[in-house]
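The structure under discussion appears below in the form of C-alpha coordinates.
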(Lines give C-alpha, C1' and ligand atoms only; values in the text may rest on other atoms or scores of the structure.)
Protein backbone atom coordinates (compact mmCIF):
# COMPACT_ATOMS: atom_id res chain seq x y z
CA UNK A 1 0.00 0.00 0.00
CA UNK A 2 1.27 3.47 -0.89
CA UNK A 3 2.67 5.41 2.04
CA UNK A 4 1.73 9.06 2.31
CA UNK A 5 3.67 11.97 3.75
CA UNK A 6 3.91 15.77 3.78
CA UNK A 7 4.45 15.89 0.02
CA UNK A 8 1.00 14.37 -0.50
CA UNK A 9 -0.71 17.54 0.73
CA UNK A 10 -0.43 21.29 0.41
CA UNK A 11 2.59 22.64 2.25
CA UNK A 12 0.29 24.45 4.72
CA UNK A 13 -0.36 21.06 6.32
CA UNK A 14 3.31 20.12 6.59
CA UNK A 15 3.79 21.15 10.22
CA UNK A 16 0.58 19.42 11.31
CA UNK A 17 1.60 16.23 9.52
CA UNK A 18 5.03 16.26 11.16
CA UNK A 19 3.36 16.82 14.54
CA UNK A 20 1.04 13.86 13.96
CA UNK A 21 3.95 11.69 12.87
CA UNK A 22 5.56 12.31 16.26
CA UNK A 23 2.32 11.84 18.22
CA UNK A 24 0.79 8.77 16.54
CA UNK A 25 1.90 5.22 15.88
CA UNK A 26 2.93 4.58 12.26
CA UNK A 27 -0.28 2.64 11.59
CA UNK A 28 -2.53 5.36 13.04
CA UNK A 29 -0.54 8.07 11.27
CA UNK A 30 -0.95 6.43 7.86
CA UNK A 31 -4.65 5.83 8.53
CA UNK A 32 -5.13 9.53 9.27
CA UNK A 33 -3.34 10.52 6.07
CA UNK A 34 -5.47 8.18 3.97
CA UNK A 35 -8.69 9.53 5.50
CA UNK A 36 -7.50 13.09 4.86
CA UNK A 37 -6.73 12.30 1.23
CA UNK A 38 -10.18 10.74 0.69
CA UNK A 39 -11.88 13.79 2.17
CA UNK A 40 -9.75 16.21 0.19
CA UNK A 41 -10.52 14.36 -3.04
CA UNK A 42 -14.27 14.19 -2.46
CA UNK A 43 -14.41 17.84 -1.35
CA UNK A 44 -12.68 18.90 -4.56
CA UNK A 45 -14.82 16.64 -6.73
CA UNK A 46 -18.25 17.10 -5.20
CA UNK A 47 -18.05 20.09 -2.86
CA UNK A 48 -19.15 19.28 0.68
CA UNK A 49 -21.80 21.72 1.88
CA UNK A 50 -20.30 24.76 3.65
CA UNK A 51 -16.83 23.14 3.70
CA UNK A 52 -13.65 23.98 1.77
CA UNK A 53 -11.23 21.21 0.72
CA UNK A 54 -8.65 22.47 3.23
CA UNK A 55 -11.16 22.10 6.07
CA UNK A 56 -12.04 18.59 4.95
CA UNK A 57 -8.35 17.68 4.79
CA UNK A 58 -7.73 19.11 8.26
CA UNK A 59 -10.62 17.13 9.77
CA UNK A 60 -9.25 13.93 8.23
CA UNK A 61 -5.74 14.57 9.49
CA UNK A 62 -6.81 15.34 13.06
CA UNK A 63 -9.79 13.04 13.61
CA UNK A 64 -7.76 10.48 15.63
CA UNK A 65 -5.37 12.91 17.31
CA UNK A 66 -6.53 11.68 20.76
CA UNK A 67 -7.08 8.04 19.79
CA UNK A 68 -3.85 6.71 21.29
CA UNK A 69 -3.83 8.88 24.40
CA UNK A 70 -4.37 6.98 27.64
CA UNK A 71 -8.11 6.88 28.31
CA UNK A 72 -7.66 8.80 31.56
CA UNK A 73 -6.03 11.63 29.63
CA UNK A 74 -8.87 11.71 27.11
CA UNK A 75 -11.37 12.02 29.94
CA UNK A 76 -9.27 14.68 31.63
CA UNK A 77 -9.39 16.87 28.51
CA UNK A 78 -13.17 16.65 28.55
CA UNK A 79 -13.42 17.20 32.31
CA UNK A 80 -11.45 20.42 31.88
CA UNK A 81 -12.87 21.82 28.66
CA UNK A 82 -16.02 20.00 27.47
CA UNK A 83 -17.73 18.15 30.30
CA UNK A 84 -21.05 18.15 28.46
CA UNK A 85 -19.58 15.83 25.78
CA UNK A 86 -19.18 13.16 28.46
CA UNK A 87 -22.56 13.83 30.03
CA UNK A 88 -24.28 13.47 26.65
CA UNK A 89 -22.99 9.90 26.22
CA UNK A 90 -25.07 6.98 27.54
CA UNK A 91 -23.56 5.65 30.79
CA UNK A 92 -22.53 2.39 29.08
CA UNK A 93 -20.42 4.33 26.57
CA UNK A 94 -18.66 6.82 28.85
CA UNK A 95 -16.03 4.29 29.88
CA UNK A 96 -14.80 3.38 26.38
CA UNK A 97 -12.31 5.28 24.24
CA UNK A 98 -14.36 4.49 21.11
CA UNK A 99 -16.82 7.18 22.17
CA UNK A 100 -14.51 9.52 24.07
CA UNK A 101 -11.57 9.95 21.66
CA UNK A 102 -13.60 12.04 19.19
CA UNK A 103 -14.74 14.76 21.60
CA UNK A 104 -11.33 14.66 23.32
CA UNK A 105 -9.67 15.02 19.92
CA UNK A 106 -11.71 18.13 19.19
CA UNK A 107 -10.41 19.67 22.43
CA UNK A 108 -6.81 18.79 21.53
CA UNK A 109 -7.23 20.08 17.96
CA UNK A 110 -8.53 23.36 19.30
CA UNK A 111 -6.09 23.91 22.15
CA UNK A 112 -2.89 22.26 20.86
CA UNK A 113 -3.20 22.87 17.12
CA UNK A 114 -5.26 26.07 17.19
CA UNK A 115 -8.13 24.88 14.99
CA UNK A 116 -10.95 27.42 15.09
CA UNK A 117 -13.41 26.12 12.49
CA UNK A 118 -16.57 24.86 14.15
CA UNK A 119 -17.21 22.57 11.18
CA UNK A 120 -13.82 20.90 11.60
CA UNK A 121 -14.07 20.59 15.38
CA UNK A 122 -17.59 19.16 15.27
CA UNK A 123 -16.55 16.67 12.59
CA UNK A 124 -13.66 15.45 14.76
CA UNK A 125 -15.93 15.22 17.81
CA UNK A 126 -18.69 13.35 15.97
CA UNK A 127 -16.73 11.15 13.57
CA UNK A 128 -17.76 7.91 15.28
CA UNK A 129 -21.22 8.57 13.85
CA UNK A 130 -23.33 8.08 16.99
CA UNK A 131 -25.02 11.49 16.90
CA UNK A 132 -28.54 12.39 15.79
CA UNK A 133 -27.55 15.76 14.32
CA UNK A 134 -24.33 15.71 12.30
CA UNK A 135 -22.89 18.40 10.03
CA UNK A 136 -22.20 17.28 6.45
CA UNK A 137 -18.44 17.18 7.10
CA UNK A 138 -18.96 14.95 10.16
CA UNK A 139 -20.91 12.47 8.04
CA UNK A 140 -18.28 12.45 5.28
CA UNK A 141 -15.54 11.92 7.87
CA UNK A 142 -17.46 9.08 9.56
CA UNK A 143 -17.75 7.23 6.25
CA UNK A 144 -14.17 7.94 5.13
CA UNK A 145 -12.86 6.66 8.46
CA UNK A 146 -14.42 3.28 7.69
CA UNK A 147 -13.85 3.25 3.92
CA UNK A 148 -10.18 4.20 3.63
CA UNK A 149 -8.09 1.55 1.82
CA UNK A 150 -6.25 0.39 4.96
CA UNK A 151 -9.41 -1.06 6.50
CA UNK A 152 -9.98 -4.80 6.05
CA UNK A 153 -13.76 -5.14 6.54
CA UNK A 154 -15.40 -7.04 3.71
CA UNK A 155 -17.83 -4.14 3.20
CA UNK A 156 -15.06 -1.56 2.81
CA UNK A 157 -14.88 -1.42 -1.00
CA UNK A 158 -18.65 -1.03 -1.32
CA UNK A 159 -18.63 1.77 1.25
CA UNK A 160 -15.79 3.50 -0.60
CA UNK A 161 -17.77 3.24 -3.86
CA UNK A 162 -20.82 4.78 -2.19
CA UNK A 163 -18.63 7.49 -0.66
CA UNK A 164 -17.49 8.73 -4.06
CA UNK A 165 -21.06 8.43 -5.41
CA UNK A 166 -22.19 10.76 -2.58
CA UNK A 167 -24.60 8.09 -1.28
CA UNK A 168 -23.88 8.68 2.40
CA UNK A 169 -27.22 7.29 3.58
CA UNK A 170 -26.52 3.81 2.21
CA UNK A 171 -22.88 3.94 3.33
CA UNK A 172 -23.87 4.90 6.88
CA UNK A 173 -26.52 2.17 6.95
CA UNK A 174 -23.91 -0.48 6.05
CA UNK A 175 -21.51 0.89 8.68
CA UNK A 176 -24.20 0.93 11.39
CA UNK A 177 -25.15 -2.66 10.62
CA UNK A 178 -21.48 -3.68 10.77
CA UNK A 179 -21.06 -1.96 14.14
CA UNK A 180 -24.15 -3.58 15.66
CA UNK A 181 -22.99 -6.98 14.39
CA UNK A 182 -19.31 -6.79 15.36
CA UNK A 183 -18.85 -4.44 18.35
CA UNK A 184 -20.16 -6.91 20.98
CA UNK A 185 -17.50 -9.48 20.03
CA UNK A 186 -14.88 -6.70 20.29
CA UNK A 187 -16.02 -5.78 23.82
CA UNK A 188 -17.16 -2.37 22.62
CA UNK A 189 -20.58 -1.22 23.86
CA UNK A 190 -23.04 -0.45 21.08
CA UNK A 191 -24.34 3.11 21.28
CA UNK A 192 -28.17 3.06 21.04
CA UNK A 193 -28.09 5.54 18.18
CA UNK A 194 -26.59 2.97 15.80
CA UNK A 195 -29.78 0.92 16.07
CA UNK A 196 -31.86 4.03 15.51
CA UNK A 197 -29.75 4.90 12.48
CA UNK A 198 -30.48 1.48 10.97
CA UNK A 199 -34.21 2.11 11.39
CA UNK A 200 -34.00 5.65 10.00
CA UNK A 201 -31.88 4.77 6.95
CA UNK A 202 -33.39 1.42 5.99
CA UNK A 203 -35.07 1.40 2.53
CA UNK A 204 -38.83 1.61 2.55
CA UNK A 205 -39.07 3.51 5.82
CA UNK A 206 -42.06 5.83 5.76
CA UNK A 207 -41.06 9.53 5.81
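The values are calculated or read from the model by the stated rules, or taken from the named source; none is laboratory data. Please read these numbers as outputs of a predicted model, since none were measured by experiment. Cβ: placed from backbone, ideal geometry, glycine included. Neighbour counts: every protein chain shown.
For the reader, a short list of remarks on this structure follows.
- Only one entry in 152, 64 is modelled with pLDDT under 95 and more than 20 Å from residue 195 (Cα to Cα), namely 152.
- Count - residues of segment 179-206 that are buried (at least 16 other Cβ atoms within 10 Å of the Cβ), within 15 Å of residue 128 (Cβ to Cβ) and either touching a helix residue (DSSP H, G or I) at 6+ places or on another chain (Cβ under 8 Å) or at pLDDT 95 or above (or both): 7
- Taking the criterion of being assigned to a helix (DSSP H, G or I) and either without any contact (Cβ under 8 Å) to a residue 12 or more places away in the chain or out of contact with any helix residue (DSSP H, G or I) (no Cβ under 8 Å at 6 or more places or on another chain) (or both), the residues of segment 81-97 that qualify are 83, 84, 87, 91, 92.
- Scanning segment 139-178 for residues that are in contact (Cβ under 8 Å) with a residue 60 or more places away in the chain and crowded, with 21+ Cβ neighbours inside 10 Å turns up 140, 141, 144, 145, 147, 148, 163.
- Criterion violated by residue 111 - all others in (1) in a helix (DSSP H, G or I); (2) within 16 Å of the chain's Cα centre (by Cα); (3) touching a residue at least 24 places away in the same chain (Cβ under 8 Å) satisfied: (2)
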